[in-house]
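Have a look at the structure below, then the notes.
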Amino acid sequence: MNMNLPLDMFSTATVHWSSLTSFTGPFSGSGSFLRFIVEARNLIRLKISCIGDMGNSHPGALFVHENLTDLTLTLSCSMSLALDQLSLPRLINLSIGYRFGSHGTCPLQHRRSWEAIVSRLLDRSQCNLQTFMTIAPFPPPALTPIWRMSSLVSLCLFLDSPDTLNHTATVLENLTVTSSRQHLPRLRSLTIICDTVDAHFFTDSKLLDLIASRWKVPTEVQRLAVLSLTNYSCPDIAYEALPLALFLLDLEDKGLEVSWAMGELDDILKDARKARESYF
């Protein structure tokens, strides 16, 4: 059974929660959320949004959900500590975003709080995650459980300013395959999103090293098949990022599926593609 319903209606809805396999809806209390999770033992897909104060007002024992494989969380700045009472050993796909505050920002202390909670959830669950997508910034310490996910196939990371761009080099280095470091050996799809006017990581040699290392890989590491680079703020970085663009065009000829959105660079790349097609 599939359902779209606010979780606040948990106490009044006449539903056999144990028959539920898919649920989409908001919630504003950790108590109703935890009662729902305990009752909906056959739940496979869960897409929830947090709307309000989600402090842990109902502490309790750890609950292990044996069937949940797909989890999408849209979180407010006040993160639910209810997640600290869950273990999801069969989780395969995890997607995380957050709602901005009234001024379009999320205070740093709140972001770090839920980053740590998600990190603990992954460590505790010991799941074989295949997809991790975030449209919220995660600093390197919070990503530590991700680097250990040898099962991960698809990764989407969001970098923004000013907090996480200071750690961009660490993120790129962890993704780069070397003889001594081979994180995410099954990674086939990589998306990097930037939301800042200072998009220097698009021109950083470490990004070129990362892409090259994921293309020319040792036998025990999967070759990257899909790469997507996006800069929402679209600064004028066209010519500075041109070496990266030409490198990607070369890999595209060799079979890498490439997509990008980087302001003026898009037009330059379109012209380069047309010229390449007409030449060959």
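What to note about this one:
- For the pair Thr178 and Asp123 in one chain, pulling the backbone fully straight at 0.36 nm per residue adds 17.4 nm over the alpha carbon distance.
- Theoretical gain in end-to-end length, Asp250 to Asn42 [0.36 nm per residue, Cα-Cα removed]: 70.2 nm
- Relative to the current alpha-carbon distance between Ser259 and Phe63, full extension at 0.36 nm per residue lengthens the span by 66.5 nm.
Bear in mind these aren't lab numbers, they're just calculated from the coordinates by the rules spelled out. Because the structure is a prediction, the values reported are computed rather than measured.
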